[in-house]
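Visitor: The structure's right below; bear with me while I get my questions together.
The values are calculated or read from the model by the stated rules, or taken from the named source; none is laboratory data. It should be emphasised that the depicted structure is a prediction, and the values quoted were computed from it without experimental measurement. FYI the Cβ positions are ideal-geometry reconstructions off the backbone, even for glycines, and counts take in every protein chain you see. Just the protein is used for accessible areas: all its heavy atoms, side chains included, with ligands, DNA and RNA removed. Shrake-Rupley method; radii C 1.70, N 1.55, O 1.52, S 1.80 Å.
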Amino acid sequence: MSSTVQSQFVDAQTTAPPKVEEIGATSGPLKSAAFFIGAYCKEYNEDFMLCKAENRDPAHCLKEGRRVTRCTADLLTKMRENCAKQFETHWNCLERNNQEYYMCRKPERALNSCMFEKLGLLKTIPGTPEGQKPIHEVENPVYTGVQK
Amino acid sequence: MPPPGGFESVKYKRNLPFRGPGAFAILGGVTLVSAYGFYRLGKGNLEKRELEREKVWSRIHLVPLLLAEGDRAAYARHQADIALEKAIMKDVAGWEAGKSVYNNSKYESPRINIS
């Protein structure tokens, strides 16, 4: 009896119409888009994290969480519309290279410049020392892939 | 009697062929190579720190998204648990489904997943 009751209730809950479409992207595209998500959805992300700092209860920040997810979905759609080729090249490169940014600087630069031209989003790494080139813009880094 | 043409001259000069660069040249060379190596190592260490920061920030930027998704799933599962508990305990009078076992309002993540 218990198993039928169980499945009945789980199904009733989980198959209820979702209020927000989940992202569904895998780690590669997310890692590739991470800094743009941080730039584009800054306000929503901070709002959500402040809400989570208030209370850890999942029920407490559902609304803010939906906003975060919608904002990210919006950004990913825009990326696919504007920079689909560069985006795909970059995350495929990440997938092939253990998801290390330093192995994929060339596709990353193409994606960064495209994102800046089309959407005005700039990749910035917080905490980079003053007067130093951010690591993703260094021309001749020590750490590169063995195969160029 | 000497042989015709006379004796050949006596070889008295030392025969010491050139045996490579001197000690100080080798020492200097090794120092130079090591110095360059250490310079690269230092640069690489600084760079590694920056790469690590980049990696950490890429994850920080993704935290709200992943946390929000996880929260929705946890919330849905919790609601299903409460509904199930209600159904199981419907014959017990005064039973409050989903009530915390602790006497405070602080959130506790569920220790048992019923469904």
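Visitor: Output the number of residues of the stretch B:68-77 satisfying the condition of being more than 7 Å from chain A (Cβ to nearest Cβ) and open to solvent by 40 Å² or more (accessible area, probe 1.4 Å).
Guide: Here the count works out to 2.
Visitor: With the condition kept exactly as written, say whether any residue in the stretch B:21-30 is in contact with a Gly (Cβ under 9 Å, 6 or more places away or on another chain) and in a loop (DSSP other than H, G, I, E, B).
Guide: The answer is yes, given that some residue of the stretch B:21-30 is in contact with a Gly (Cβ under 9 Å, 6 or more places away or on another chain) and in a loop (DSSP other than H, G, I, E, B).
Visitor: Right, here's the next one. Return the residues of the stretch A:75-89 that are out of contact with any Cys (no Cβ under 6 Å at 6 or more places or on another chain), in contact (Cβ under 8 Å) with a residue 24 or more places away in the chain and not hydrophobic (A, V, I, L, M, F, W, C); say none if nothing qualifies.
Guide: A:78, A:82
Visitor: Now for a different question. Can you pull out the residues in the stretch A:52-99 that are open to solvent by less than 50 Å² (accessible area, probe 1.4 Å) and touching a Gly at 6+ places or on another chain (Cβ under 6 Å)?
Guide: A:94
Visitor: Now a separate question. What helices (runs of 4 or more DSSP H), lying completely within the stretch A:12-91, carry at least 2 residues that are among the β-branched types (Val, Ile, Thr) and touching a helix residue (DSSP H, G or I) at 6+ places or on another chain (Cβ under 6 Å)?
Guide: Working: elements: A:27-40, A:42-54, A:62-82.
Helices (runs of 4 or more DSSP H) meeting the threshold: A:62-82.
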